[in-house]
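This report concerns only the one structure given below.
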Amino acid sequence: MKRRELLTGVKGKATFEPHIASPGVARFTNALLRTQENQEVRFYDDLIRGKQVVVNFMYAECHGACPMVTSTLIKAYQALKPRMGRDVFFYSITVKPETDTPEALKHYAKTRRADLPGWLFLTGDAYDIETIRFRLFGMYHPGFDLDSAMHAGTLRIINDATNCWTTVEAFASLKTILKHISWADPPKSYAERWAESIARQELINKEVKRYGYRRFA
């Protein structure tokens with residue numbers, strides 16, 4: 001199996017090109033991490049470069065927020081299933097790499113039914129992971145940035161191909177999380193936008209026919 005297929009769980013060709021303004025390694029770092037399959041990956045080159053990703057922090061023995069966030073991400077995964085491992089990827093990074101070995105993360109993923117194509121659980125050097133956490137989630141406030149208990153509250157959404165960054169609260173509704181992920185989607189073609197407009201107009205026409213006016217926004 002080729003390297004890309006090992007990383008994504010999806011066969012076939014794909015080209016991931018970063019935006020010309022992407023901060024690249026200078027912002028993301030190119031730290032060496034390990035997946036739940038004990039495979040070495042470079043954070044930027046293998047995981048971020050040219051891709052649309054959702055990143056969260058967790059740890060395997062967390063019995064509070066982490067399982068709830070993982071459960072929500074599973075629902076998001078199912079909603080995005082046709083795209084997962086192709087042009088959308090989930091990365092869950094441990095904040096306790098000293099105890100979260102690849103085997104521990106594999107057990108967590110399988111137990112939570114999150115060991116899915118396009119979703120990696122990652123561990124590595126503690127310094128590298130802290131650097132990634134500050135670079136992606138830093139609030140420039142020591143009371144928050146130095147508190148590892150803050151690890152589970154936010155999802156970072158990045159599309160390196162369009163240089164789009166956004167965040168969403170991890171405990172937001174599934175609808176809100178999916179909406180925020182869609183904000184990082186690549187621009188749609190004219191044909192796609194036209195098809196969506198036609199479908200939306202058909203729904204409006206049905207409402208008008210039934211109620212005499214447009215009932216829903």
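The values are calculated or read from the model by the stated rules, or taken from the named source; none is laboratory data. Note that this is a predicted model, so its numbers are computed, not measured. Note: ideal-geometry Cβ built from the backbone for every residue, glycine included; neighbour counts use all protein chains shown.
Hey, does segment 99-114 have a residue that's surrounded by 18 or more Cβ atoms within 10 Å (Cβ to Cβ) and among the polar types (S, T, N, Q)? No; the residues of segment 99-114 include none that is surrounded by 18 or more Cβ atoms within 10 Å (Cβ to Cβ) and among the polar types (S, T, N, Q).
Evaluate segment 60-68: report whether one residue or more is modelled with pLDDT under 95, on the phi < 0 side of the Ramachandran plot, in contact with a Gly (Cβ under 6 Å, 6 or more places away or on another chain) and not in a loop (DSSP other than H, G, I, E, B). No, segment 60-68 contains no residue that is modelled with pLDDT under 95, on the phi < 0 side of the Ramachandran plot, in contact with a Gly (Cβ under 6 Å, 6 or more places away or on another chain) and not in a loop (DSSP other than H, G, I, E, B).
Here is a check on your reading of the model: is N56 buried (at least 21 other Cβ atoms within 10 Å of the Cβ), closer than 17 Å to E130 by Cα and among the polar types (S, T, N, Q)? Spelling it out, N56 is indeed buried (at least 21 other Cβ atoms within 10 Å of the Cβ), closer than 17 Å to E130 by Cα and among the polar types (S, T, N, Q). Taking the conditions exactly as written (more than 14 Å from the chain's Cα centre (by Cα), at pLDDT below 95, surrounded by 12 or more Cβ atoms within 10 Å (Cβ to Cβ) and among the acidic types (D, E)), does E207 satisfy them or not? In short, yes. If the condition is being under 24 Å from Y91 (Cβ atoms), in a loop (DSSP other than H, G, I, E, B) and without any contact (Cβ under 8 Å) to a residue 24 or more places away in the chain, then segment 163-212 contributes A172, S173.
For segment 9-24, a tally of residues being β-branched (V, I, T) and at pLDDT 95 or above returns 1. Counting only residues that are hydroxyl-bearing (S, T, Y) and within 17 Å of I48 (Cβ to Cβ), which one in segment 81-104 is nearest to the chain's Cα centre (by Cα)? Per the stated criteria, the residue is Y91. A search for C-beta distances below 7 Å between a residue of segment 118-147 that is closer than 27 Å to G85 by Cα and assigned to a loop (DSSP other than H, G, I, E, B) and any residue that is modelled with pLDDT under 80 and not charged (D, E, K, R), counting only pairs 6+ apart in sequence or on different chains, returns G118/T8; G118/G9; G118/V10.
When the residues of segment 115-127 are narrowed to those that are of a type outside the set (F, W, Y) and crowded, with 19+ Cβ neighbours inside 10 Å, which ends up farthest from L33 (Cα to Cα)? For segment 115-127, the residue satisfying everything is G118.
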